[in-house]
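Worksheet for the structure shown next.
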Amino acid sequence: ELGYFTYDPGYGTTASCKSDITFIDGTEGILRYRGYPIEQLAERSSFLEVSYLLLYGDLPSSTELAAFERDITYHTMVHEQVNTFIGGFHYDAHPMAILSGVIASMAGFYQANLDVNDPAHRELAAKRMIAKMPTVSAAAYRHYMGWPSAYPRNSLNYAERFLHMMFSVPAEAYEVNPVAARALDLLFILHADHEQNASTSTVRLVGSTGANPYACVAAGIAALWGPAHGGANEAVLNMLNEIGDVSRVGEYVKKAKDKNDPFRLMGFGHRVYKNFDPRARIIRKACHDVLADLGQTDPLLDLAMELEKIALEDDYFVERKLYPNVDFYSGIIYKALGIPTSMFTPMFAIGRTVGWVAQWLEQAATPHRIGRPRQIYTGHSARDYVGIDERG
Ligand code: SDX
């Protein structure tokens with residue numbers, strides 16, 4: 001065994017682990033959670049039901065789902081000093097900086113005696129992070145806005161509760177729009193897990209050392225922040241705003257093809273999908289439905305559709321099998337719900353938390369070795385030390 005990379009899955013790369021959780025076929029554009037096609041889960045399930053599926057391997061009975069929802073709801077509050085901690089950040093700190101710092105700090109607030117070898121301790125930590133990620137994310141936004149903390153309203157469902165924590169203000173009543181909540185629940189489902197992507201592999205690698213689960217997920221949040229990964233959804237909206245008009249799409253497609261230009265078409269391409277990302281297809285349709293249901297139009301959607309059309313007719317993208325990925329359209333919906341671009345990647349983190357903790361639990365529950373990726377050494381061959389007086 002080579003240590004961390006110990007499996008050859010037979011498709012020209014090395015696999016870092018075996019997993020029962022999520023299956024991707026990048027050639028066919030297939031994504032399944034525990035064998036269930038993402039299209040069916042998107043159409044018929046809820047985020048907490050999908051969370052149960054990812055954590056425990058099967059769809060829950062109504063009794064099991066009700067108990068799981070109660071468990072998650074019970075842990076939505078954070079220790080009041082977590083809110084104090086958030087208050088210590090500079091007002092315009094990026095919410096991903098707050099999220100990674102605060103989640104890591106939870107190792108100091110919860111389960112001080114956490115034993116990663118105890119299944120009950122592990123399950124409690126997992127449920128806590130699923131429950132608290134929306135609370136911390138919304139608190140980061142409110143810190144920027146200068147608003148007082150909004151406490152979770154446990155009579156609401158997962159997505160409704162997040163919207164209420166994000167947008168309610170003491171001065172007036174706030175009614176959650178059910179269309180917005182359903183759209184958000186769908187986006188959380190679509191972002192829940194994705195096999196061994198960069199942030200999940202990070203969570204597993206940190207977890208392989210026996211580190212505290214809050215530290216593992218904080219490392220995953222840091223990895224997700226990058227524009228090549230979860231930060232792409234924020235970068236897509238910035239790109240669409242920079243393009244500004246359909247007449248300028250060709251200019252940016254040309255830039256994306258220019259090897260001397262670092263610009264890439266954000267929301268396009270994927271390490272595994274060499275076909276349409278099935279999540280992008282679902283989100284593109286949801287964009288139209290949500291905007292129509294909210295009675296909104298958004299020229300950026302037309303711009304995104306034109307950009308997709310031109311790119312998919314261009315040899316450069318066709319030859320490289322570059323298609324829209326999950327990040328290409330998601331921002332259009334977040335924007336329609338009033339969520340600012342700086343909060344787009346935290347939205348990704350809220351959905352992906354269940355994937356991170358499910359994969360961490362899977363690894364922690366099975367005998368495993370510490371992760372230890374190897375390298376190809378390309379440096380100097382052996383040479384002797386030369387004293388500074390002889391170096392000239
Ligand atoms: C996510 O791994 C996951 O599962 C991630 C994720 C998840 O759910 O966890 O799916 C979420 O991170 C989706 C990806 C979000 N990132 C972006 O949208 C950023 C823009 N995309 C790229 O930076 C890029 O496509 C990556 C990072 C996603 C993949 O990078 P690779 O592995 O270098 O892409 P590749 O090997 O497929 O590239 C092949 C060619 C290269 O050109 P050549 O050297 O062959 O000439 O395509 C080019 C690349 O330069 N290319 C692009 C491009 N993406 C790849 N050219 C222009 N624009 C792009 N977006």
Q: May I ask for the net charge around residue 40, where only other residues with Cβ less than 13 Å from the Cβ of residue 40 are counted and Lys, Arg are +1 while Asp, Glu are -1?
A: 0
Q | Among 295, 351, 29, residue whose mean-square fluctuation peaks in a GNM of the chain (springs only between Cα atoms under 10 Å) | A | 295
Q | Ellipticity estimate at 222 nm from DSSP helix runs (n ≥ 4, -39,500 (n - 2.57)) divided over the chain, nearest 500 | A | -17000 deg cm²/dmol
Q) Rounded if a/c is under 1.5, else prolate if a/b is larger than b/c, else oblate: which is the range 17-122, with a ≥ b ≥ c the root eigenvalues of its Cα gyration tensor? A) prolate
Q | Gaussian network model of the chain, springs between alpha carbon atoms under 10 Å - residue of 149, 247, 45 with greatest fluctuation | A | 247
Q | the range 170-269 shape via C-alpha gyration tensor axes, a/c threshold 1.5 | A | oblate
Q. Which of these, 225, 356, 147, has the largest mean-square fluctuation under a Gaussian network model of the chain (Cα springs below 10 Å)?
A. 147
Q) Given 0.36 nm per residue, what is the gain on full extension from residue 274 to residue 145 after removing their alpha carbon distance, in nm? A) 42.4 nm
Q) Binned at 10 Å from 0, what are the whole-percent values of the Cα-Cα distance distribution for the chain, short to long? A) 5, 22, 31, 25, 12, 4, 1, 0
**Q.** Extension reserve of the residue 285-residue 251 stretch, reckoned as 0.36 nm per residue once the Cα distance is removed
**A.** 9.6 nm
Q) For the chain, with only Lys/Arg (+1) and Asp/Glu (-1) charged at the beta-carbon, what is the dipole magnitude about the Cα centre, in debye rounded to 20? A) 520
**Q.** Cα gyration tensor shape for the range 106-172, rounded if a/c is under 1.5, else prolate or oblate
**A.** prolate
Q: Using only alpha carbon pairs under 8 Å that are at least six residues apart, calculate the relative contact order of the chain and give it in whole percent.
A: 24
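Each reported figure results from applying straightforward, stated rules to the coordinates on display, with no laboratory input. This structure is a prediction, so every number in the text was calculated from the model and none was measured. All Cβ positions, even for glycine, are placed from backbone atoms using ideal geometry, and neighbour counts span all protein chains on display.
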